[in-house]
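K.L.:
Supplied in structure tokens, the structure appears directly below.
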Amino acid sequence: MPTVAAWGTTSPTTDLAPMSIERREPDATDVELEILYCGVCHTDMHFARNDWGYTRYPLVPGHEIVGKVVRVGSDVSRYKAGDLVAVGCLVDSCRTCPSCQENVEQYCDGGMVGTYGSPDPRHGNAVTFGGYSQRMVVNENYVLRVPTNLDLKAVAPLLCAGITTWSPLQHWKVGKGQTVGVIGLGGLGHMGVKFAHALGAKVVMITTSPGKAADARKLGADDVLISSDPQAMAAHAKQFDFLLNTIPVSHDINPYLSLLKRDGTMVIVGALVPLSGQLQSGALVMQRISVAGSIIGGIKETQEMLDFCGEHNIVSDVEMIRMDAINDAYERMLKNDVKYRFVIDIGSIA
Ligand code: NAP
Ligand code: ZN
């Protein structure tokens, strides 16, 4: 099995550092790609530090991957050497359950095989390694095609931050005539603003950081609401049809729910841990409000999102880093100091 240079970690308290990993030889339906760029998702840090309690070590994070095909298996028809391709957050699923049949493999009954940190049942339950590495091998059905008119570096974050915000906007049919609040201006939030704006909604950036207001407007927000200002929050009560909540930690959602109109919906994509504060169910009942969740998107929908981005010239706003700057990048992410996604130049892996 080929050995590949990567960066990863061996415990929740250890910095990321260089390591060698093994990749399988491509089989008949596999695509092997040279990874060019990999986005840095907040989830990578949650996994590295075992915030959710199920990280398997050693861990090589990275699920916002773009690269170039170097080899394909004998039965692969959709890709050839030299193609620009992408890999997102999942690299396999059972392929037979209702969710897989309906192109929402992210909700696979058997559990999707995550791009990193997941046992891979079709390959002896070997735990997957992500995109902070020079090469990877993925079944062709889980590989995406990249529109060639876009800046490749800035495409990488679309594979998680992009699809995670696109999918709920599609599912809840957000568009013209609606007022959408995007909560949290980080990697996910900045894509949420771009997409909601492109879909024709009125967009309000809801942020804890007054210093991000001007950027929010440049990204497409019509208005900015500082969530720590109770008067401003009260002035926006019952104004929103839809709230996309990207806050990465446990928090009290009740103050945000008061922003929703009758029949409004808040979709949580950020906090995968129990929320703090008691849900004020009376507020839901009195205004027929929904609180929902959503995880990434299926492969078909991810391709649709990439194609939409190609047609509308949408990419992420990125700050490029070398691989050896990853530990500093994590620290900056914890301080909400990302504008608005770090992307690793994988060529910098020695
Ligand atoms: P990020 O770039 O760090 O951005 C998160 C933003 O949330 C921050 O920039 C900040 O924005 C705001 N924020 C942070 N702490 C806050 C707090 N205590 N209260 C209120 N707002 C706070 O993170 P990301 O990569 O966008 O990821 C966000 C979350 O989504 C993470 O938990 C990640 O694991 C999760 N995620 C979920 C999915 C899914 O499929 N559901 C996919 C990818 C990521 P302001 O400065 O504007 O307040
Ligand atoms: Zn992610």
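The values are calculated or read from the model by the stated rules, or taken from the named source; none is laboratory data. What you see is a predicted model, and the numbers here were worked out from it, not measured in a lab. No Cβ is skipped: glycine too gets one built from the backbone with ideal geometry, and neighbour counts run over all protein chains shown. We work out accessible area using only protein heavy atoms, side chains counted, and drop any ligands, DNA or RNA first. Shrake-Rupley method; radii C 1.70, N 1.55, O 1.52, S 1.80 Å.
K.L.:
Calculate how steeply helix 299-312 sits against the longest principal axis of the alpha-carbon atoms of the chain, using the helix alpha-carbon long axis, and give the answer as 0 to 90 degrees to the nearest 10.
P.N.:
The angle comes out at about 70 degrees.
K.L.:
Kindly work out what percent of the DSSP beta bridges joining two residues of the chain are antiparallel, to the nearest 5.
P.N.:
Among the beta bridges of the chain, antiparallel pairing accounts for roughly 55 percent.
K.L.:
At a Cα cut-off below 12 Å, give the aspartates and glutamates reachable from Lys80, other chains included and same-chain residues fewer than 8 away excluded.
P.N.:
Cross-link targets: Asp30, Glu32, Glu140.
K.L.:
Under 16 Å from the Cα of Lys339, which aspartates and glutamates turn up, not counting those fewer than eight places away in the same chain?
P.N.:
Asp215, Asp317, Glu319, Asp328, Glu331
K.L.:
Sticking with this structure for a sec: Can you check how the C-alpha radius of gyration of the chain compares to 2.2 N^0.38 Å, as a plain ratio?
P.N.:
0.98
K.L.:
Under a crude label model (7 Å from the Cα following the beta-carbon direction), how far is Asn327 from Asp223 in nanometres?
P.N.:
So the two model labels end up 4.5 nm from each other.
K.L.:
To the nearest 10 degrees, how steeply does helix 187-198 sit against the main Cα axis of the chain, on a 0 to 90 scale?
P.N.:
Relative to the chain, helix 187-198 is tipped by roughly 70 degrees.
K.L.:
May I pose another question? Which shape class applies to the stretch 283-333: rounded if a/c is under 1.5, otherwise prolate when a/b exceeds b/c and oblate if not, where a ≥ b ≥ c are the square roots of the Cα gyration tensor eigenvalues?
P.N.:
Judged from the Cα gyration tensor, the stretch 283-333 comes out oblate (a/c at least 1.5, b/c at or above a/b).
K.L.:
With an 8 Å cut-off on Cα pairs and a minimum separation of 6 or more residues, tell me the relative contact order of the chain in percent.
P.N.:
Relative contact order here is 18 percent.
K.L.:
For the stretch 189-335, what is the relative contact order in percent, using Cα pairs closer than 8 Å and at least 6 residues apart in sequence?
P.N.:
Result for the stretch 189-335 is 16 percent.
K.L.:
log₁₀ I(q)/I(0) of the stretch 162-293 at q = 0.10, 0.13, 0.20, 0.21 Å⁻¹, via Debye over equal Cα point scatterers, no solvent, to two decimals?
P.N.:
-0.26, -0.46, -1.18, -1.32
K.L.:
Also: Mind telling me which of Glu331, Glu140, Glu34 comes out most flexible in a GNM of the chain, alpha-carbon contacts under 10 Å?
P.N.:
Glu331
K.L.:
Please give the charge dipole size of the stretch 162-293, origin at the Cα centre, charges +1 on K and R Cβ atoms and -1 on D and E Cβ atoms. Round to the nearest 20 debye.
P.N.:
320
K.L.:
How many angstrom separate the Cα center of the stretch 184-236 from the Cα center of the stretch 127-143?
P.N.:
Computed from Cα coordinates, the inter-centre distance equals 34 Å.
K.L.:
Specify whether the C-alpha gyration tensor of the stretch 213-271 places it in the rounded, prolate or oblate class, a ≥ b ≥ c being the square roots of the eigenvalues: rounded for a/c under 1.5, otherwise prolate if a/b is larger than b/c and oblate if not.
P.N.:
Taking the square roots of the gyration eigenvalues as a ≥ b ≥ c, the stretch 213-271 is rounded.
K.L.:
Can I ask one more? Counting only heavy atoms of the protein chains, get the accessible area per residue of the stretch 262-336 (1.4 Å probe) and round it to a whole Å² value.
P.N.:
Heavy-atom accessible area per residue stands at 53 Å².
K.L.:
Additional query: Taking springs between alpha-carbon atoms closer than 10 angstrom, which of His236, His123, His46 fluctuates most in the Gaussian network model of the chain?
P.N.:
His123
K.L.:
Right, another one. Take the alpha-carbon positions of the stretch 180-253, form their convex hull, and give its projected area averaged over all directions (one quarter of the hull surface) in nm².
P.N.:
4.6
K.L.:
Could you put Glu64, Glu301 in order of accessible surface area, largest first, with the 1.4 Å probe and the full protein assembly present?
P.N.:
Glu301, Glu64
K.L.:
Pop out the carbon and sulfur fraction of the accessible area of the stretch 207-334 as a percent, whole number, probe 1.4 Å.
P.N.:
53
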